[in-house]
Amino acid sequence: ESDSAAKTNGNNTGCWKDRQIIKSDSASIIIPHLQFEIPPKTQMGVISTLEGVIMKAADTLEELQPERLRLGDVDNFHRCRGVIHKLRSLVGCNTDSDDDDEEQTQPQSFDIIIDDPAGNSYIEACGSDPLNDPTLTKVKYARTPNQDMGLGLQPSMAAREEGCIRDEEPSHSNVSNAAAPTTTGIEVMTSKATNQNSTTESSNDEEEGPLGSLSIGRQEVMKFPSDCPNCTKPAETDMCVTDIPHFKEVIIMSLFCEHCGFKSNEVKGGGGIPKFGTKITVKVNSSDDLAREVLKSDTAGIEIPELELEL
């Protein structure tokens with residue numbers, strides 16, 4: 001699997017501010033001109049515009065300004081004030097007239113980079129030919145073992161045996177990345193807003209890697225944190241994707257709480273909703289028929305006509 005990064009370059013007259021952006025929980029947004037970064041786990045799962053993301057970051061910094069003054073952190077207060085002013089200047093929304101003229105001048109060109117290890121973020125491409133605009137470039141690159149861990153993917157057996165994870169050791173990568181492409185280049189999404197207000201995305205079609213169409217989760221049990229529905233304390237949920245013969249792909253999820261002993265198992269159908277509904281009737285003639293395994297989805301009902309019972 002590969003990370004995805006996006007880079008946009010804007011100016012004070014371009015339409016770059018109106019571009020739609022999707023930022024996932026694992027993505028970070030970087031503005032090198034200001035040495036400013038919006039880290040992962042902030043503005044999570046947001047669909048907005050570039051202007052909206054920048055203004056949200058400025059507003060979030062400003063919310064804590066009174067608290068910084070109350071604590072006597074004057075130096076940090078003034079540093080944050082300068083960053084807030086520069087962020088608003090980028091989108092032409094700054095109204096503070098007490099700052100230096102140099103800070104009030106919006107740069108003619110600057111970059112905005114979105115780097116997402118999960119590859120689930122996006123910057124909108126604009127213009128008449130969004131596939132061939134050099135101002136927007138998308139780049140993919142192989143994740144490091146530590147980035148795998150940050151996404152909840154388990155390290156390889158070699159990393160577990162050594163008791164540590166080293167990015168420089170390819171054998172420590174998650175099993176789904178074991179045969180990742182050997183290229184070290186980064187496929188980045190770069191977007192530049194020009195005076196002609198043109199924006200384009202340059203990206204190649206998705207290509208199958210050495211793993212083919214192998215899906216993450218098929219070779220391992222994935223774990224992610226959750227809260228116990230019984231005692232609300234932190235617990236861990238195991239998830240695995242598997243195929244039931246002569247049926248379809250299913251997702252098996254299991255939760256066990258070490259605090260209260262609560263257990264929960266859930267099976268969900270994978271893939272999309274089938275075109276047709278299904279009605280299955282079983283004629284029970286012996287106890288062996290009652291031993292059959294049943295997978296009941298959230299939308300299914302069970303009926304026993306002889307008992308006039310419907311679940």
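Structure values in brief
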quantity: Euclidean distance between Cα centres, segment 42-90 to segment 116-166, Å; calculated: 27
quantity: Linear extension gain, residue 230 paired with residue 284, 0.36 nm per residue minus alpha-carbon span; calculated: 15.8 nm
quantity: Paramagnetic label zone (point 7 Å from Cα along Cα-to-C-beta, residue 120; backbone N under 20 Å) in segment 133-164; calculated: 139-155
quantity: Loop-located chymotrypsin sites (Phe, Trp or Tyr not before Pro) in segment 249-311, at most 16 other Cβ atoms within 10 Å (DSSP); calculated: 262, 276
quantity: Inter-site label distance for residue 263 and residue 62 at 7 Å from Cα along Cβ, in nm; calculated: 5.5
quantity: For segment 250-311, size of Cβ-based charge dipole, Lys and Arg +1, Asp and Glu -1, in debye; calculated: 320
quantity: Descending Cα extents along the principal axes, segment 21-65, whole Å; calculated: 26, 22, 19
quantity: Stretchable slack from residue 244 to residue 164, in nm (0.36 nm times residue separation minus alpha-carbon distance); calculated: 25.2 nm
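Read the figures in this text as sums done on the coordinates, not as results from a lab. As the structure is a prediction and not an experimental result, all values here were calculated from the model. Because the Cβ atoms are built from the backbone with ideal geometry, glycine has one as well, and the counts that use them run over all protein chains shown.
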